[in-house]
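First up is the structure itself, then whatever we jot down about it.
The values are calculated or read from the model by the stated rules, or taken from the named source; none is laboratory data. All figures in this text were calculated on a predicted structure; none of them were measured in a lab. Methodologically, a virtual Cβ is constructed for each residue, glycine included, from the backbone with ideal geometry; neighbour enumeration extends over all protein chains shown. Surface areas here come from the heavy atoms of the whole protein model, side chains and all, with no ligands, DNA or RNA. Shrake-Rupley method; radii C 1.70, N 1.55, O 1.52, S 1.80 Å.
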Amino acid sequence: MPGGVCGFWGACGAAISAGIFMSIITKSNPLANESFSLSNEMTSRALHKIAEVGGPRCCKRDSYLSILTAVEYLKEKLDISLETSDIKCQFIKKNNQCIGKRCPFCK
């Protein structure tokens, strides 16, 4: 994804990538029925989670949110379980726009 799509296109690349991931594992295509739906819903759920936290942009935060959302979605829709671990952001000082305490990974 090109940088800045979150603000310029209205859809974060991390969320779109989660949808791409779902498309790949379900072998989706533009004419598919169920896998088309799953892929788009995955993107939608990741975008929703990112929107709940808000901006400004943080590619690490939005990637973490998208991955964790994908793990939940895989379990719900495909009964595939993946392990997760607690994520603690190590990039706070490198992002001048960090939202600090509003970020679920800046604890």
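So what is the relative contact order of the chain, in percent, for Cα pairs below 8 Å that sit 6 or more residues apart? Provide the component values of the computation, followed by the final result.
Details: 102 pairs, mean separation 23.9, N = 107.
For the chain, the relative contact order is 22 percent.
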Round to the nearest 10 and give me the degree value, 0 to 90, for the angle of helix 13-25's Cα axis relative to the longest principal axis of the chain. 30
In vacuum, with every alpha carbon of segment 67-107 counted as one equal point scatterer, what does the Debye formula give for log10 I(q)/I(0) at q = 0.19, 0.26, 0.29, 0.30 Å⁻¹? Two decimals, please. -0.66, -0.84, -0.93, -0.97
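How large a share of the accessible area of segment 8-101, in percent, is made up of carbon and sulfur atoms when the probe is 1.4 Å and the other protein chains stay in place? Each step should come with its number before you reach the end.
On the way: 3550 of 6290 Å².
Whole-percent figure for carbon plus sulfur exposure: 56.
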Per residue, how much accessible surface does segment 58-97 expose to a 1.4 Å probe? Answer in Å², no decimals. 73
Burial-style ranking of 13-22, 33-42, 66-75, 91-100, average other-beta-carbon count within 10 Å with highest first, yields 13-22, 66-75, 33-42, 91-100
Treating cross-link reach as a plain straight distance, find the lysines whose alpha-carbon is under 27 Å from the alpha-carbon of LYS93, omitting any fewer than eight places away in the same chain. LYS49, LYS60, LYS101, LYS107
Straight-distance crosslink candidates among aspartates and glutamates, where the alpha carbon sits under 16 Å from LYS77 and sequence neighbours closer than 8 are dropped: GLU34, GLU41
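Multiply the residue separation of SER85 and VAL5 by 0.36 nm, subtract the distance between their alpha-carbon atoms, and state the gained length in nm to one decimal. Before the final figure, lay out each step's value.
Working: separation 80, 0.36 × 80 = 28.80 nm, distance 2.80 nm.
My answer for the length gained is 26.0 nm.
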Semi-axes in Å, largest first, for the chain (Cα gyration tensor, √(5λ)) are 26, 16, 10
For each cysteine in the chain, check whether another cysteine's C-beta sits under 4.7 Å from its C-beta; list those where none does. CYS58, CYS59, CYS89, CYS98
7 Å from Cα along Cα→Cβ at both SER35 and LYS101: what's the point-to-point distance in nm? 4.7
